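Taking it in order: structure first as structure tokens, then the write-up.
The values are calculated or read from the model by the stated rules, or taken from the named source; none is laboratory data. Because the structure is predicted, anything quoted here is derived from the model rather than measured. Note that each Cβ is placed from the backbone with ideal geometry, even for glycine, and that neighbours are counted across all protein chains shown. Just the protein is used for accessible areas: all its heavy atoms, side chains included, with ligands, DNA and RNA removed. Shrake-Rupley method; radii C 1.70, N 1.55, O 1.52, S 1.80 Å.
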Amino acid sequence: PAAGTVDAALARSANNRKKIAVSKSNEARHAVTHYRRLESYADNQVSLIECRLETGRTHQIRVHMAHIGHPVLGDKLYGTGMKSRAVHLSEAQKTALEALDRQALHAAALGFEHPRTGKTHFYEASLPQDLAALLEAMAKLPI
């Protein structure tokens, strides 16, 4: 769907201690991610998504997006299924993704209430050049 909510508790993976996984165990912590598709590229195989978190769990966006079958582009830990979608990318898009050499994930805005003072803190960050280059390559139609 173009928008939705993933409400799935997270815990350390029993199979791989480096990973977090959706879990129903007693140790799992409540986690909620709201997402909205902003744009789609490469025959709808890649999308620009905006996520809003109700909770702030380790790897939350990466795990929740992979859980619903839409891993973060460039995520080598949770996005293994994305490799088969790479055939839909143009050569320029593949090159930009390889140059990124990290997850295509950016915290554009971060806000929270300080636990001691109760004061609201809000920060914004513009898109880094490497992600801007990937986004530009995704937006260009193959010739």
Cα-projected label distance for A133 with N26, points at 7 Å along beta-carbon direction, nm:
5.1 nm
Given a Förster distance of 25 angstrom, what is the FRET efficiency for S13 paired with R102, based on the Cβ-Cβ distance and rounded to 0.05?
0.75
Could you calculate the contour length gain from E91 to N44, that is, 0.36 nm times the residue separation minus the distance between their Cα atoms, to one decimal place in nm?
15.3 nm
Accessible surface of T5 in the full protein assembly, 1.4 angstrom probe, to the nearest 10 Å²?
80 Å²
Just to be sure I understand the curve: with the Debye formula and one point per C-alpha of the chain, what is log10 I(q)/I(0) at q = 0.10, 0.17, 0.21 Å⁻¹?
-0.39, -1.04, -1.38
So if each residue of separation counts as 0.36 nm, and I subtract the Cα-Cα distance between E113 and T55, what length gain in nm does that give?
19.6 nm
